[in-house]
Number of protein chains: 4
Amino acid sequence: MPGVTQCRARNQHPARLMVDTISSLASIDYRMDEWGVDITVGGSQKGLMLPPGLSFNAVNEKALQATKSARLPRAYWNWEEMLASNQAGFFPYTPATNLLYGLREALDMLQEEGLDKVFARHARHGEATRRAVRAWGLEILCVEPNEYSNSLTALVMPEGHDSDYVRKVILERFDMSLGAGLGKLKGRVFRIGHLGHFNDLMLAGTLCGTEMGLALAGVPIRKGGVQAALDYLATPTTGGVRTARALA
Amino acid sequence: MPGVTQCRARNQHPARLMVDTISSLASIDYRMDEWGVDITVGGSQKGLMLPPGLSFNAVNEKALQATKSARLPRAYWNWEEMLASNQAGFFPYTPATNLLYGLREALDMLQEEGLDKVFARHARHGEATRRAVRAWGLEILCVEPNEYSNSLTALVMPEGHDSDYVRKVILERFDMSLGAGLGKLKGRVFRIGHLGHFNDLMLAGTLCGTEMGLALAGVPIRKGGVQAALDYLATPTTGGVRTARALA
Amino acid sequence: MPGVTQCRARNQHPARLMVDTISSLASIDYRMDEWGVDITVGGSQKGLMLPPGLSFNAVNEKALQATKSARLPRAYWNWEEMLASNQAGFFPYTPATNLLYGLREALDMLQEEGLDKVFARHARHGEATRRAVRAWGLEILCVEPNEYSNSLTALVMPEGHDSDYVRKVILERFDMSLGAGLGKLKGRVFRIGHLGHFNDLMLAGTLCGTEMGLALAGVPIRKGGVQAALDYLATPTTGGVRTARALA
Amino acid sequence: MPGVTQCRARNQHPARLMVDTISSLASIDYRMDEWGVDITVGGSQKGLMLPPGLSFNAVNEKALQATKSARLPRAYWNWEEMLASNQAGFFPYTPATNLLYGLREALDMLQEEGLDKVFARHARHGEATRRAVRAWGLEILCVEPNEYSNSLTALVMPEGHDSDYVRKVILERFDMSLGAGLGKLKGRVFRIGHLGHFNDLMLAGTLCGTEMGLALAGVPIRKGGVQAALDYLATPTTGGVRTARALA
């Protein structure tokens with residue numbers, strides 16, 4: 001983590017640092033205290049392997065102090081009522097109870113696999129996906145290789161090709177829904193998610209659907225993306241393999 | 001169906017013809033009356049897309065008559081009590097009620113897709129699988145190409161390779177359970193099932209796991225099986241595509 | 001509805017009328033437009049028979065206009081982004097998708113039963129509960145009989161008895177969780193909910209647990225509450241009976 | 001168990017003793033070895049709290065030996081193939097896998113509650129039900145009080161009243177399905193099941209529906225059956241209470 005030194009410095013700064021971990025929490029290493037983050041926002045529907053419906057705020061003392069003097073009207077960011085109820089194991093409002101039971105199971109599953117293995121699994125899947133994209137001759141939407149995401153990969157369409165049309169072809173032909181480009185990236189990229197409750201063969205099927213769909217939608221790609229991913233996934237390492245048990 | 005003429009002839013024969021459709025019913029065309037079959041045995045857990053737990057007997061008049069004079073002690077094959085209760089919508093013994101609700105939904109799903117499309121989908125998946133096997137340089141356990149199964153494909157191991165070891169590697173590394181060879185085929189073949197609630201990307205993921213697993217288990221194969229299957233699956237026909245809807 | 005005339009008058013008033021229907025929507029008749037309500041708040045977890053996790057805002061033109069000139073910082077009450085996305089069938093943020101599928105089924109169930117019958121069923125259950133409470137010699141927390149709730153009934157404890165202790169006894173002995181008194185009613189009342197996916201025998205079991213639990217907790221009651229409720233529920237009307245079908 | 005001495009004697013007898021425990025296993029004490037039983041038949045759908053679909057045979061050495069010399073054609077009673085497969089944790093045929101997972105959880109639940117408490121709970125519910133039946137002035141179908149069943153109670157209809165009509169009224173009006181009288185008891189008795197995943201308030205609701213339904217169907221009963229059951233269930237013992245935890 002190259003930014004640790006800056007983080008410490010920043011810790012002296014009066015501003016608060018807030019990190020959105022919705023598509024990374026429990027998929028990629030994240031260290032709120034060590035990295036000097038004051039507020040973390042997370043959600044249930046990605047790395048925590050649950051349906052959407054829960055959102056989390058983790059706040060440190062520095063963030064809590066800010067709320068005492070702040071005059072900004074708040075609802076979501078007003079943590080005091082929640083903290084008071086939580087101490088007795090309750091909520092000030094009716095929570096999405098069923099998802100809390102699911103969360104307990106999800107946390108058990110993550111502990112059972114081990115966070116190190118969870119992160120290594122996502123790293124493998126991210127690398128396999130990027131090898132597929134490069135083999136297809138397409139561009140990954142990320143200038144800085146150090147900052148590649150291990151939980152999702154955005155593919156840039158060649159000039160003249162609409163990513164939403166590709167997504168539509170893939171949805172209709174293969175019943176697979178890929179993520180849209182948002183904002184100014186709308187129509188220019190689509191996103192492959194490779195996170196959460198996900199294993200090698202789910203990734204392989206995903207890349208197969210993407211390779212076939214790109215061809216069917218008329219995007220000029222080279223074949224071989226799936227093959228490149230398989231070559232990488234089949235290396236005889238056990239690192240990051242979800243269901244690894246000792247072979248006889 | 002080349003055997004129809006013989007079937008008619010056979011219909012005059014005093015023996016009864018019984019067909020086991022457990023791995024084919026609702027995946028491959030089957031015409032009990034037209035083909036002169038007297039007794040059909042089916043199960044819930046394959047083409048009917050349900051958990052295991054239900055088995056069906058379909059019997060014609062000729063089979064029913066045989067039970068009147070037969071002196072063989074019977075339990076499963078004694079249909080009279082069942083037929084008597086069924087007329088009023090009941091069962092003589094406690095049935096697996098929950099699976100009957102599931103069956104109703106499964107039948108709705110098959111009607112919704114249309115049996116013709118269901119069969120065409122399985123034919124595509126069978127053909128794609130066989131293309132993969134041939135590209136790997138392995139043998140399909142079926143002498144007569146007219147008789148290839150569209151619901152499962154058995155792969156013969158090269159001399160000196162144990163199919164149960166391959167299955168074990170694939171299960172442990174990729175969490176995918178392939179079918180064992182039974183009886184004298186034990187250790188010599190494994191089976192890829194491609195039937196029931198199954199679509200192109202599930203097949204693609206299955207073939208990816210098989211290709212990687214064969215290599216990891218040291219079976220000498222040529223790469224390119226997955227690619228051959230994708231080339232076939234991505235042809236721009238809509239025939240047999242499960243989720244085909246009109247593209248704009 | 002005695003207040004309709006006032007409502008019309010109020011409609012001329014510049015203030016907006018907001019109604020919280022969380023424990024009444026789809027259990028008790030409610031007419032937003034006819035009664036001149038500008039903003040309605042609802043939730044998934046009561047009359048809509050779903051787990052908690054969805055909340056609804058229904059807003060009229062008058063409420064929408066207010067948001068254009070209002071300077072109050074808003075999050076929940078800022079509907080424009082939601083309305084823009086909803087027109088295309090989408091949401092500006094990730095919704096609790098699974099509950100939306102449940103909501104579709106819940107609405108089908110309500111239509112199937114018929115709202116008139118749903119409301120009559122809740123009216124019967126409310127009246128049966130109140131008859132039980134009166135037979136026990138306890139007080140209902142509602143001064144004005146015209147305003148009794150048909151979806152829940154709050155019981156006032158006699159002086160010197162703690163409603164939270166009664167709730168605890170009933171939870172531990174009968175595994176039934178009754179609602180607590182909130183705010184200044186804490187410890188003085190508990191609430192019996194009789195709403196949503198609820199039928200005569202669920203109410204009967206609830207009242208049995210309440211009658212036994214009150215006695216076990218030492219609250220001085222007369223027996224006979226359950227009997228009074230059964231006498232009312234067993235009257236040979238079909239009005240409001242959930243599963244009424246023609247008797248032969 | 002008054003029959004233990006005879007059982008020991010019977011153990012010398014060449015016949016095999018087979019016991020059907022379908023509606024009693026895991027609800028009422030049962031000791032196969034101690035009571036000299038050779039073959040026990042059980043099912044998933046009663047005391048084991050699962051959907052129907054699994055049946056069990058427990059056989060002792062004496063029963064197994066009989067199969068070696070027996071010439072009776074057998075299917076269900078031919079255990080050797082099953083025993084051979086079971087040793088390796090497998091089945092000779094496709095089992096109802098999903099129910100096996102359910103069975104594991106059901107056994108955990110029974111162990112967690114403790115078999116002694118499970119049996120005491122059923123004894124309380126049986127006794128409460130019988131008190132209700134007597135208070136209604138109806139007859140229990142069991143001549144010998146020592147042999148009352150703690151898992152179900154059959155009620156005899158007064159002359160001129162059809163138990164199937166009572167069942168129909170209760171099903172249509174209260175959505176509760178009671179058991180029919182079978183064979184020569186058809187129309188003369190109905191059965192209240194009080195077994196498996198069942199607690200005091202489920203029983204109370206069941207008895208409320210029965211009392212109301214008997215009256216609606218015109219059967220001459222005295223009121224007070226529910227009250228008699230509640231008086232018994234509310235005694236301050238903790239014996240057999242499912243959810244008993246220490247009260248503060």
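Readers should treat all values here as calculations from the given coordinates under stated rules, not as data from a laboratory. Bear in mind that the values here come from a model prediction, so they are computed numbers and not experimental data. All Cβ positions, glycine included, derive from the backbone under ideal geometry; neighbour counts span all protein chains shown.
Data for the structure
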read-out: Under the Karplus curve 6.51 cos²θ - 1.76 cosθ + 1.60, θ = phi - 60°, whole-Hz ³J(HN,Hα) for the range D:182-193, x wherever Gly or Pro sits; value: 10, x, 6, 8, 4, x, 9, 9, 10, 10, 9, x
read-out: Shortest-first distances to equivalent copies, position C:Leu100, nm, label 7 Å out along Cβ; value: 2.6, 3.6, 3.9
read-out: Three-way shape call for the protein assembly as shown based on the alpha-carbon gyration tensor, with the a/c threshold at 1.5; value: oblate
read-out: Cα-centred dipole magnitude for the protein assembly as shown, charges only on beta-carbon of K, R (+1) and D, E (-1), debye, nearest 20; value: 0
read-out: Tilt relative to chain C, helix C:163-174 - C-alpha long axis, 0 to 90 degrees, to 10; value: 70
read-out: Inter-copy spacing of B:Leu83 label points, which lie 7 Å from Cα along Cα→Cβ, given in nm from shortest upward; value: 3.7, 6.7, 7.7
read-out: Of all chain D residues, the one whose C-beta is nearest the axis that brings D onto A, in angstrom; value: D:Glu105, 7
read-out: Dipole magnitude of the range B:124-240, debye to nearest 20 (Cβ charges: Lys/Arg +1, Asp/Glu -1, about Cα centre); value: 120
read-out: Acute angle (nearest 10 degrees) that the helix C:97-113 long axis makes with the longest principal axis of chain C, alpha-carbon atoms; value: 60
read-out: Positive-end residue of A:Gly196, A:Thr153, A:Cys208, charge dipole of the range A:93-248 with Cβ unit charges; value: A:Cys208
read-out: For chain A, built as a Gaussian network whose Cα springs stay under 10 Å, the top-fluctuating residue of A:Asn150, A:Asn57, A:Asn98; value: A:Asn98
read-out: Backbone HN-Hα couplings from phi across the range D:198-206 [Karplus 6.51/-1.76/1.60, Hz, Gly and Pro as x]; value: 8, 10, 4, 6, 5, 5, 4, x, 4
read-out: Separation in nanometres of the label points that stand 7 Å from Cα toward Cβ, at B:Cys142 and A:Ala58; value: 5.3
read-out: Nearest-0.05 FRET efficiency for D:Glu34 and A:Arg74, computed from C-beta distance (R0 56 Å); value: 0.25
read-out: Relative contact order (percent, whole number), chain D, Cα cutoff 8 Å, 6+ residue spacing; value: 18
read-out: Simple Cβ-charge dipole of chain C, Lys/Arg +1 and Asp/Glu -1, about Cα centre, in debye nearest 20; value: 400
read-out: Residues of the range D:214-228 with amide N under 16 Å of the 7 Å Cα→Cβ point at D:Glu159; value: D:220
read-out: For the range A:78-117 and the range A:38-62, distance of Cα centres in Å; value: 10
read-out: HN-Hα J in Hz across the range A:84-92 - Karplus 6.51, -1.76, 1.60, θ = phi - 60°, x for Gly and Pro; value: 5, 5, 4, 4, 9, x, 10, 10, x
read-out: For C:Phe56, distant residues with modelled amide H under 5 Å away; value: C:Gly42, C:Gly43
read-out: Percent of Cα-Cα distances greater than 24 Å, calculated over the range B:100-248; value: 35
read-out: Separation in nanometres of the label points that stand 7 Å from Cα toward Cβ, at A:Lys223 and B:Glu105; value: 3.9
read-out: Fewest-first sequence of A:Phe90, B:Phe190 by Cβ atoms within 10 Å of each Cβ; value: A:Phe90, B:Phe190
read-out: Label-point separation in nm, C:Arg16 to D:Phe90, each point 7 Å along Cα→Cβ; value: 6.8
read-out: Other-chain or far-sequence residues with amide H under 5 Å of B:Leu17's (modelled H); value: B:Asp38, B:Ile39
read-out: Rg/Rh for the range C:14-84, where both radii come from Cα atoms and Rh is the Kirkwood radius; value: 0.99
read-out: GNM flexibility winner over chain B from B:Gln12, B:Gln87, B:Gln45 (Cα, springs under 10 Å); value: B:Gln87
read-out: Nm distances between copies for D:Cys142, ranked from closest, using label points 7 Å along Cα→Cβ; value: 4.3, 5.9, 6.9
read-out: Computed [θ] at 222 nm, helices only, for chain D once each DSSP H run of length n ≥ 4 contributes -39500 (n - 2.57); value: -12500 deg cm²/dmol
read-out: Gaussian network model of chain A, Cα within-10 Å springs - most flexible of A:Ser163, A:Ser85, A:Ser151; value: A:Ser85
read-out: Convex hull per residue volume in Å³, alpha carbons only, for the range A:1-150; value: 152
